[in-house]
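Read-outs: derived from the displayed coordinates by stated rules, not from any lab. Given the structure is predicted, the values throughout are model-derived calculations rather than measurements. Note: ideal-geometry Cβ built from the backbone for every residue, glycine included; neighbour counts use all protein chains shown.
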Amino acid sequence: MTKKEFVDGIALRGEMTKKEAEKLVNLFLETVSNNLEQGNTVGFVGWGKWEVMKRAAREVRNPQTGKKMKVKAKKVVKFRVGKVLEEKIAK
């Protein structure tokens, strides 16, 4: 699903214009992004949560050449699915 399809679905189900739906989606994404940038966790009970994790520096191997390379430590965003959503998907 693309962002446009998502906005169209919100507009249809929320009985609002596409402009209103796009504004709502953009506000949601901006709020999540801003909180993650600050290192906060964003969660919805039963649905899931996004959190910033630190990935340690490590050594990897290029599968084509076999050459070892070093990957620097970095922060990554991880999503953990909630129980209610997980059960819905499993059905």
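Worth pointing out:
- Each helix, a run of at least 4 DSSP H residues, gives -39500 (n - 2.57); summed and divided by the residues of the chain, these come to -13500 deg cm²/dmol at 222 nm.
- Tensor-based shape of the stretch 41-91 (alpha-carbon gyration tensor, a/c under 1.5 rounded, otherwise prolate or oblate): oblate
- Taking only the Cα atoms of the chain, the radius of gyration and Dmax are 18.5, 56 Å.
- Helix 3-13 axis, angle to the chain major axis (alpha carbon atoms, nearest 10°): 30 degrees
- Taken along its principal axes, the alpha carbon cloud of the stretch 1-40 reaches lengths of 34, 19, 13 Å, longest axis first.
- Between Lys83 and Met69, the modelled label-to-label distance comes to 4.2 nm, taking each label 7 Å out from Cα in the direction of the beta carbon.
- Relative packing of peptides 13-23, 61-71 - highest average C-beta neighbours within 10 Å first: 13-23, 61-71
- Length released on extending from Met1 to Glu15, taking residue separation times 0.36 nm less the Cα-Cα span: 3.1 nm
- Using alpha-carbon coordinates, inclination of helix 18-37 to the longest axis of the chain, degrees: 30 degrees
- Of the cross-linked pairs Lys54/Lys83; Lys3/Lys23; Lys4/Lys78, those separated by over 21 Å at the C-alpha level are Lys54/Lys83; Lys4/Lys78.
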